[in-house]
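What follows is a set of notes on a single structure, which appears directly below.
The values are calculated or read from the model by the stated rules, or taken from the named source; none is laboratory data. Keep in mind the model is a prediction, meaning the values are calculated, not measured. So basically every Cβ, Gly included, is an ideal-geometry build from the backbone, and we count neighbours across all protein chains shown. Protein only, heavy atoms only, side chains kept; ligands, DNA and RNA dropped before computing areas. Shrake-Rupley method; radii C 1.70, N 1.55, O 1.52, S 1.80 Å.
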Amino acid sequence: MNLNGEKLNTLAVFPIMMTVPDCFVVESNKLGRGHGEAKLYITSKKAMYDFYGTPGFAAKCFMLKADLVAYMLAIKNEYHQPSQEYSKKSELPQLWDKRMSMVSKLDDVIFFTIKDQDQIGGSRGYINSEDKGYQLIRELALPLVSYIYVEKVGNESAPLYYWKLFVDFEAIWERQNGPLVFTYGKQKTEKESEKKISKKQAEQEREIRRARDGQGRYRELLLEQCRFCPFTMIADERLLIASHIKPWAASELEEKTDPYNGYILSPLYDRLFDRGFITFTPERHVILSEFISPFTWKQINLKNDTFVKALPMDDKRIAYLTFHHQSVFKGVYPNDEI
């Protein structure tokens, strides 16, 4: 990453992605009652001090306006069609408009300082801050479906901490659809089934079936374009997954089943791509997240900047990959400069 013309090398990556809890966000975003609290539990004190410094630390952090814009675009569907029962659920669409307008007026880099809450006893590590950047996270983030990624950058004598807010698309998907339950034995008639479930439940089940049908058609169309995994060259359809570039939970209706919004991948590579541990450049090079250790990458036998010759690439996929770079990939996309 280049910040104000200075190259900032990555020194370390915080070992966990911090899920934004319900107790931390502002009242309008909450699932439960109460006004929320500004302090944030991040990990054990030992792990916190290993990353941020000695007890009583004050760590200088920053976020990027571009990242916050990307987050707001990625979370837009959740604001407009909530998967959870937020306390101000009916107001969220208007709040998205208001907050997006606010974010668009921010400086390109938002600095803030977090402070160790070492006055709190026990082994749990807490931080807090009165600064605007920190309070922005409390205002923008929706709980349980948002998380924070942190990199330590610069130099060891005076490090900076780069914070990036992400959407947990998998958590949204699970909350929207729930587990699929199959009933064995005697099949109930449609009339009998409707007596047992509510109208809302019936509609949810129909939505799941429509989603599954769309996935099936999407997979068929994608297999016509991508007949094998570009990493493993496996062509057995039973061992391949139809991966979305722009996640299902963030996609508009037509994007959900657009075959150009996807790749056919073997399960390991699907998981890496789906969770943002790898991404691709328009030139077909793979970029690795530093959230995965060098040892693990060596075990996978995958190197940064590897050219993936068989990876399908076209203008439509490049457009979808822009979203993946900004809102899914866990790290800094090459040549990012602020």
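Taking LEU106 as the residue in question, decide whether it is open to solvent by less than 40 Å² (accessible area, probe 1.4 Å) and either closer than 30 Å to LEU8 by Cα or at pLDDT 95 or above (or both). So LEU106 fits the description; yes. Considering the stretch 75-97, and only residues there that are over 22 Å from the mean Cα position of the chain (by Cα) and not small (Gly, Ala, Ser), the residue that is most open to solvent (accessible area, probe 1.4 Å) turns out to be GLN94.
Here ILE16 passes the criteria (1) surrounded by 16 or more Cβ atoms within 10 Å (Cβ to Cβ); (2) β-branched (Val, Ile, Thr); (3) assigned to a loop (DSSP other than H, G, I, E, B) except the one numbered (1).
Kindly indicate whether any position in the stretch 62-74 is in a strand (DSSP E or B), in contact with a Gly (Cβ under 8 Å, 6 or more places away or on another chain) and crowded, with 21+ Cβ neighbours inside 10 Å. Checked the stretch 62-74: at least one residue is in a strand (DSSP E or B), in contact with a Gly (Cβ under 8 Å, 6 or more places away or on another chain) and crowded, with 21+ Cβ neighbours inside 10 Å. Selection of the stretch 200-233 for residues being hydrophobic (A, V, I, L, M, F, W, C) and modelled with pLDDT under 85 yields ALA202, ILE208, ALA211. State which residue is nearest to LYS7 (Cα to Cα) when the search covers only the stretch 294-338 and only residues that are under 19 Å from the mean Cα position of the chain (by Cα) and polar (S, T, N, Q). Among them, the one singled out is GLN326. Among residues of the stretch 313-330 being touching a helix residue (DSSP H, G or I) at 6+ places or on another chain (Cβ under 8 Å) and not in a helix (DSSP H, G or I), the one that is least open to solvent (accessible area, probe 1.4 Å) is VAL328. Could you list, in sequence order, the residues of the stretch 39-56 that are of a type in the set (A, V, I, L, M, F, W, C) and surrounded by 16 or more Cβ atoms within 10 Å (Cβ to Cβ)? Of everything in the stretch 39-56, those that are of a type in the set (A, V, I, L, M, F, W, C) and surrounded by 16 or more Cβ atoms within 10 Å (Cβ to Cβ) turn out to be LEU40, ILE42, MET48, PHE51. How many residues does the stretch 134-164 hold that are open to solvent by 10 Å² or more (accessible area, probe 1.4 Å) and of a type in the set (A, V, I, L, M, F, W, C)? Number of matching residues: 3.
Please tell me if SER251 is farther than 20 Å from LYS316 by Cβ and open to solvent by less than 60 Å² (accessible area, probe 1.4 Å). Against the criterion (farther than 20 Å from LYS316 by Cβ and open to solvent by less than 60 Å² (accessible area, probe 1.4 Å)), SER251 does not qualify. Look at the stretch 226-253: where a residue is within 23 Å of ASN301 (Cβ to Cβ) and of a type in the set (A, V, I, L, M) and a partner is assigned to a helix (DSSP H, G or I) and open to solvent by less than 60 Å² (accessible area, probe 1.4 Å), sitting 6+ places away or on another chain with Cβ atoms under 7 Å, you get ILE241/ASP270. Taking the stretch 156-169 as the range and being out of contact with any Cys (no Cβ under 6 Å at 6 or more places or on another chain) and either in contact (Cβ under 8 Å) with a residue 24 or more places away in the chain or aliphatic (A, V, I, L, M) (or both) as the test, the residues that pass are GLU156, ALA158, PRO159, LEU160, TYR162, LYS164, LEU165, PHE166, VAL167, ASP168, PHE169. Checking each residue in the stretch 284-298 for being free of Cβ contacts under 8 Å to residues at least 24 places away in the same chain and either touching a Pro at 6+ places or on another chain (Cβ under 7 Å) or surrounded by fewer than 17 Cβ atoms within 10 Å (Cβ to Cβ) (or both) picks out HIS285, SER293, PRO294, PHE295, THR296, LYS298.
Exactly one residue among PHE24, PHE57, PHE112, PHE51 is touching a Gly at 6+ places or on another chain (Cβ under 8 Å) and farther than 27 Å from TRP248 by Cβ, and that residue is PHE112. Exactly one residue out of VAL103, VAL109 is without any contact (Cβ under 8 Å) to a residue 40 or more places away in the chain, farther than 19 Å from GLY53 by Cβ and β-branched (Val, Ile, Thr): that is VAL103.
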